[in-house]
Amino acid sequence: MRIGIFTRYIAKSLLTFFVGVLGILTFVIFMNHFIRVLDMAMTYGTSFGWIVSSLLNILPDVFCLSAPMAFQIAILLTLTNMSEHGELIALRAAGFSFKEIVRPLLFCAVILSVILVTMSNWLTPRSYKQFLNRRNEARSKITKVNLEPKTFLNLGEWDLYLENLDEDTDVASQIHLIKKEDSGALSTKVNAATGKVILSDTAIGLQLQDGQMQRLDAKDPSSIIAANFDEYTMSISLLKAHARRLRVGEMSTTKLLRRMREMPLSEETVKEYRTEISMRNVLALSPIILLFVSCPIGFSFGKRTNKGWGMLFSVIIIFTFYLLMTLGISLGKKYGWLSYTGPWLPILAGVGAAKYLWKKRLNI
């Protein structure tokens, strides 16, 4: 019974700190992405729905990055808070062992790691792929179009000029369209006395009346083919081809393994795939190893220790962990035989540090 009450108490305390710290870290990391997405939206004239969709697709990646850090900070804040109020001393005096105190924390760490394993290996790559597709979609669209009279408007292959435009009826007068070749030379010219201009998100429709089309002769560039028309309908697409390279981060772990097994890949690509797979699982399992490193430090805090010490040690542990992981990734990408094992460097170092700290703590 006492373990059940204690488990709920410490789990609730840990969850409170975790949610608070997670919210702060997520907000800080998310704001950087938010500014970039907003700048892209302003540049390419995307809709509000595109902004919301892009930001939602970024959230899983932000969560996978901020959750391990938030959990580690929450552990030390929880233990520091209990030490500050004399609760750890009281628990030890009541007969609670370190194992019993750590058990609910370990339970929370395992749950978080399971969530992160699922997200890092499958859900986050899928969301990242959707974000890249949305970004490519925005880049494929010609910059936001504003139909303004007496102004040359660039529409990719075409330049459009309207002398006058009635915004209520979409009827324009003195319409001029110019199409140029890649070299910059004039290719096609269309003039119309009047016409209707219909603007949509993906194209501009033109219903031209009383005009003329001039086009260079493909066989003889010095000759011009001209034709008059009473009515002519044409459409100018606002989308342009924009191919993108498939990124490692947008492929699930299953797909990475399948590509390594079935496709002829370069040695550099294989090393990149392997380090990516290992990095995802190292981040996913980091809450467990960070727990075992943090707990003996937290148990060493006295009653007069405030939460500032918990934050300080958290920053040191997190910085060391990510520094070692960056070093391991670099080694994995450089040496093929370290591709899988290199990113696990912080885990191995964490196991050694945890063993030393627990041994020192239990011998006191």
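Readers should treat all values here as calculations from the given coordinates under stated rules, not as data from a laboratory. Model, not experiment: these values are computed from the prediction. Counting neighbours? That spans all protein chains shown, and the Cβs are built from the backbone with ideal geometry, glycine included.
Overview of results
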{"quantity": "Backbone N under 16 Å from the L55 label point (7 Å along Cα→Cβ), restricted to the stretch 26-49", "calculated": "26-43, 46-49"}
{"quantity": "Between 0 and 90°, nearest 10: helix 307-334 axis offset from the chain longest Cα axis", "calculated": "60 degrees"}
{"quantity": "Chymotrypsin sites (Phe, Trp or Tyr not before Pro) lying in DSSP loop within the stretch 293-364, provided at most 15 other Cβ fall within 10 Å", "calculated": "Y335, Y340"}
{"quantity": "Hz values of 3J(HN,Hα) by residue in the stretch 156-164 - Karplus curve (6.51, -1.76, 1.60), Gly and Pro given as x", "calculated": "x, 6, 10, 10, 10, 10, 10, 6, 9"}
{"quantity": "Principal-axis tilt of helix 2-44 within the chain, Cα atoms, nearest 10 degrees", "calculated": "20 degrees"}
{"quantity": "Whole-number percent relative contact order across the stretch 277-364, with pairs defined as alpha carbons under 8 Å at least 6 apart", "calculated": "41 percent"}
{"quantity": "Rel. contact order, % - alpha carbon contacts under 8 angstrom, at least six apart, the chain", "calculated": "19 percent"}
{"quantity": "Length released on extending from E137 to R8, taking residue separation times 0.36 nm less the Cα-Cα span", "calculated": "41.7 nm"}
{"quantity": "Between helix 345-362 and the chain: long-axis angle, C-alpha atoms, 0 to 90°, nearest 10", "calculated": "20 degrees"}
{"quantity": "Cα-Cα over 28 Å, subset of K129/K179; K129/K333; K141/K271; K150/K179; K240/K271", "calculated": "K129/K179; K141/K271; K240/K271"}
{"quantity": "Matching label, Rg and Dmax of the Cα atoms in Å computed from the structure shown, candidates [x] 20.8, 65; [y] 25.3, 87; [z] 30.9, 101", "calculated": "[z]"}
{"quantity": "Helical mean residue ellipticity (222 nm; -39500 (n - 2.57) per DSSP H run of 4+; nearest 500) of the chain", "calculated": "-20500 deg cm²/dmol"}
{"quantity": "Backbone HN-Hα couplings from phi across the stretch 245-258 [Karplus 6.51/-1.76/1.60, Hz, Gly and Pro as x]", "calculated": "7, 5, 9, 5, x, 9, 9, 5, 4, 4, 5, 4, 5, 5"}
{"quantity": "Viscosity 0.692 mPa s, 37 °C: Kirkwood-radius Stokes-Einstein D of the stretch 61-217 over Cα pairs, µm²/s", "calculated": "149 µm²/s"}
